[in-house]
Structures are given as C-alpha cells and as structure tokens.
Amino acid sequence: MLAAALPLEVLPEPEPSHAGSVLIELGIILLVLALLGRLAQRIGIPSIPLYLLAGLLMGDGGFIPVSAGEEFLEVGAEIGVVLLLLLLGLEYSPQDLRNGLKSNWVAGLVDGLANGVPGFAVGLMMGWSFTASLLLAGVTYISSSGIIARLLDDFDRVANRETPVLLSLLVMEDIVMAVFLPLMAVLLVGATLIQGAIAAGIALGLVAIAFVVSMRYSERVSSLVHSHSRELLLLTVLGLTFLVAGLADAVQVSAAVGAFLLGLTLSGQVADDVRGLLPPLRDVFGGLFFVFFGLTIDPRDLLPVLLPALGLAAVTAITKIYTGVFAARRNGIGPKGQWRTGLSLVPRGEFSIVIAGLGVAAGAQSQLGPFAAAYVLILAVAGSILMRFADRIPSPVKLRGQSTWQASPAPRAVRPPGPLT
C-alpha cells in the first residue's frame with residue numbers, strides 16, 4: 001500500500017558513453033569507406049576522391065555530422081600520413097635518395113618558383129597582406145606526399161623508372177617546409193627576420209643530421225631492429241616510427257619527413273618484412289586521413305572563393321605538370337614517364353592545409369582557410385584522377401624534337417625497375 005501511494009520516479013533513459021559514441025561513429029565511417037572503396041573498384045577510379053567527399057559530407061555543414069570521434073580521427077589521420085611515408089621510404093636506399101637530390105636540385109628550384117609565385121601573386125591581387133600571400137604561396141607550392149604515396153602504390157608505379165625523380169622532388173618540398181613553417185610561425189607572431197632565420201636554421205640542421213644518420217648507419221640500425229618474430233618486429237618498427245615522427249613534429253619538422261627518413265634507414269630483410277606487414281594497417285589509417293581532411297571543410301564557406309580557387313588550381317596544375325616533365329627529362333626519362341611524373345605532382349593535400357591552418361590560427365586572413373580548402377579539394381580530386389588515367393591522357397611531351405600526342409598503354413611495374421619509358 002505504501003509503495004502504491006508513493007509517486008513513481010521516471011528514470012532517465014541511459015545515454016551511451018563517450019567511448020560508445022566514438023566507436024559507433026568510427027564503425028559507421030569504416031563501413032562507409034569500405035562501401036566507397038568497393039564502388040571505386042567497380043567504376044575504375046581511385047578511392048581517394050570518394051574518401052575526401054565522404055569527409056566533406058560528414059563535417060560541419062554536411063549531412064552526417066561527426067563530433068564524438070573527431071579527436072580520434074585527427075590522430076588516426078596523422079598516423080595514416082606517417083605510415084604512408086614510412087613505407088614509401090622503405091622502397092629506396094639512402095644512396096638512391098642522395099643521387100636523386102644531387103641530380104634534381106635544379107628542378108627543385110624550378111618547382112618552387114613555378115608553383116609558389118602564382119599563389120603569392122593571387123594573394124596580393126586579392127588585397128591580402130604580404131604574410132598571408134606568402135602563406136598562399138606555400139599552399140600552392142607543396143604537393144601532397146600522402147596522396148601521391150598512396151596512389152603510387154595503388155597504381156603499381158613504385159618501381160617505375162620515373163618514381164625516384166618524383167620522390168626526390170617530394171622530399172625536397174618537405175625539406176623546404178622544414179624551413180618555411182617555423183619561419184612563417186615566427187613572422188605571424190611579429191618576430192624579426194633574424195629570429196625566424198635562427199628557427200629555420202635549427203630545423204634545417206636537424207633534417208641534415210637525420211640524413212647523415214640514414215646514409216651512414218643504415219645497416220647498423222637495421223640489424224638492431226631485426227627480429228624473427230613478426231610481432232616484435234612490428235612493435236619495434238611502429239614504436240620507432242611514431243617516436244621519430246613525434247620528435248620531428250616537436251621541433252617543427254614534418255612528422256612525415258621523419259617517418260620517411262626512418263624508412264630510408266631500414267634496409268635488407270627488415271625492409272622486406274615490414275613491406276609485407278604494414279600495407280593493410282597503412283591503408284586503413286590512410287583512409288581515415290582523407291576522411292578527416294574532408295571533415296575540416298565546411299561546404300558553405302567554399303562558395304565565395306570557389307571561382308578564384310578554381311582558376312589558381314588550373315594554373316598551378318599546369319606549372320606542376322611542367323615541373324615534373326622538366327625534372328624527368330633532365331634524368332633521361334622518356335616522354336611517357338615525363339608525362340606521368342608531371343601529372344603525379346598535381347595533388348595537393350595535408351601540408352597545404354597545415355600552412356593555411358597556421359595563418360587562420362594567427363588571424364592572418366579570414367579567407368585563407370576556405371580558399372585553401374577549396375583549392376586543395378579541387379586538386380586532390382583532379383590530381384588523383386589524372387594520376388589514375390595518366391597513361392590514357394594524350395601527352396604533348398616532345399621526343400627528340402618531334403611532338404608526340406598520343407595515348408600510351410599503362411606500364412607494368414616491376415622490381416627492379418625496367419627500361420626507360
């Protein structure tokens with residue numbers, strides 16, 4: 001009777017924990033990636049543009065907002081880029097890299113001028129400050145190592161004769177970023193050029209030390225890392241990779257550069273074993289990177305800057321193609337390989353967003369973030385497709401003074417590299 005007389009309390013419905021919400025969102029995202037990957041295979045296009053568009057639809061202003069799992073996705077995206085560059089570094093010896101840098105430094109200068117100047121000029125024409133325009137020059141200059149590394153593997157072009165040329169250009173760009181980012185960080189807070197030069201010098205010195213270690217002590221490092229146990233080998237390599245990448249990022253050198261240099265130091269049986277163990281893990285986290293990139297873009301902010309971003313994307317796509325053709329030709333690569341090199345440099349991605357984010361955080365220019373987002377999305381999608389169909393797109397590259405304008409069949413990637421194409 002007493003129980004009946006007391007009012008019944010309405011208990012609140014239990015809410016899922018934060019961890020549960022993260023797991024639910026992550027499960028949905030991975031299933032979406034799986035479906036998009038299957039769709040990409042069926043229609044014969046790269047999966048990366050679809051991953052980028054999926055992230056765009058899931059971010060702020062999209063149809064499927066993601067909130068609980070965003071922090072995890074940010075970390076997963078960074079891991080994806082690190083693993084992409086680690087495995088790319090495993091494909092080449094330090095001697096290959098040294099020879100490539102020696103033979104391609106002129107092409108590196110051409111790359112900087114041809115692709116940085118248009119961005120700087122557009123920034124000034126839009127009435128931006130000198131610093132904001134310089135940031136936009138960095139956005140247009142740097143190609144996406146993450147996207148290009150993933151696509152080289154997807155399209156079986158890692159062993160192509162032109163790939164070391166492409167790789168050396170990407171590494172030079174990343175080294176430039178090791179100087180550019182700390183310099184811009186100092187300028188954005190109003191420091192003097194001397195302070196910026198000191199910060200850039202420290203960063204460049206650390207990169208140089210890493211190169212020396214990778215070139216002189218590769219065999220010793222590999223012997224210390226090697227283990228007959230796949231579990232111990234994987235734990236050791238991943239631990240070293242994340243440690244080196246984190247230390248590189250802490251001193252304002254790209255984490256991707258650190259991972260790439262570590263990949264160069266691992267050779268012989270260790271490199272072969274790791275190449276067999278890591279690709280599935282790399283592909284999963286690489287997919288998260290491209291989704292997270294899309295999540296950072298609000299579609300509503302793209303419309304006001306879409307036309308100027310599209311025009312600049314068209315100009316710098318052409319200048320990147322010219323840069324690749326120029327570099328490959330200097331290395332004796334044939335017309336087909338020159339064309340593939342040029343088209344492979346078109347995608348922009350992670351570094352461009354980092355540069356723009358630096359300016360946005362400092363309040364350098366309100367339009368810089370949306371402009372860079374639109375620009376990168378255009379070239380990430382267009383560049384991925386151009387890489388996919390590089391051997392089917394008619395090439396204007398000249399052979400011995402005579403123009404060749406014909407599509408060529410896709411080459412078979414072999415290891416060791418085959419004849420020049």
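Points to keep in mind about this one:
- Rounded to the nearest 20 debye, the dipole size of the range 36-395 about its Cα centre is 1000 debye, using +1 on the Cβ of Lys and Arg and -1 on the Cβ of Asp and Glu.
- Of the residues ASN115, THR296, VAL221, the one whose Cα sits farthest towards the positive end of the charge dipole of the range 36-395 is ASN115 (charges of +1 on Lys and Arg Cβ, -1 on Asp and Glu Cβ, taken about the Cα centre).
- ³J(HN,Hα) computed for each position of the range 22-35 - Karplus, 6.51 cos²θ - 1.76 cosθ + 1.60, integer Hz, glycine/proline x: 4, 5, 4, 5, 5, x, 4, 5, 5, 5, 4, 4, 4, 5
- Ordering GLY246, PRO279, VAL360 by Cα displacement along the dipole of the range 36-395 toward the positive end leaves PRO279 in first place; charges were set at the Cβ atoms of Lys, Arg (+1) and Asp, Glu (-1).
- Sorted on the mean count of surrounding Cβ atoms within 10 Å across their residues, most packed first, peptides 369-380, 352-363 read 369-380, 352-363.
- A protection proxy built from the mean count of other Cβ atoms within 10 Å ranks the segments 103-112, 287-296, 147-156, most packed first, as 287-296, 147-156, 103-112.
- Under 5 Å from the amide H of SER395 lie the amide H atoms of GLN406, ALA407, each residue being 5 or more positions distant or on a separate chain, with H modelled from the backbone and absent for Pro and chain starts.
- Estimated at 0.36 nm per residue, the fully extended path between PHE72 and LEU23 surpasses their Cα-Cα distance by 16.7 nm.
Bear in mind these aren't lab numbers, they're just calculated from the coordinates by the rules spelled out. This one's a predicted model, so the numbers in the text were calculated from it and none came from an experiment. Cβ: placed from backbone, ideal geometry, glycine included. Neighbour counts: every protein chain shown.
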